[in-house]
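Working notes for the structure below.
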Amino acid sequence: MPTLTELIDRAPWREAVTYRDTWPHEYVLSEKDGQQELLAAVCERFRAGEGVSCRFFRMRNTYLFIGDHKYWLMTHWDELAPDAVYVLNRARLYRDRRDFVIQPGDSGKPQDYPANPAYQG
């Protein structure tokens, strides 16, 4: 059985062009891209308690931090229906940032990272 990082490395990640200039990230589709095993492995990590609750603007979501990326689903991991199509997203971490709090001038691109990162305790 492949490891989670092997599944991640083999996945056909595609750029989310809609957010190219505002919040760059990539995604795979569970069914269309044949990534059911990757989706199941990510959900297993969430079930094991490895997810971190964070905000993106006003929306709360659970994120998984692996290597130099953060991963998330738009549907909560414990509400996934069998055989439905889901999007698994990922964005590169920069400056070790894990808070995901958006500040004025912060575009999600490393060159626009705020001088004083927000603290969310």
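Taken together, the values in this text are just the output of simple stated rules run on the coordinates, not laboratory data. Remember, predicted model here, so these are calculated numbers, not experimental data. Virtual Cβ from ideal backbone geometry, glycine too; neighbours counted across all protein chains shown.
For residue 89, what charge total do you get from the other residues with a beta carbon under 12 Å from its beta carbon, if Lys and Arg give +1 and Asp and Glu give -1?
Once positives and negatives cancel, what remains is +2.
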Local net charge near residue 10, Cβ-Cβ under 15 Å (Lys/Arg +1, Asp/Glu -1): -3
Size of charge dipole - segment 1-74 - debye, nearest 20, with Cβ of Lys, Arg +1 and Asp, Glu -1, no other charges: 420
Fully extended contour minus Cα-Cα distance, from residue 66 to residue 85, at 0.36 nm per residue: 4.6 nm
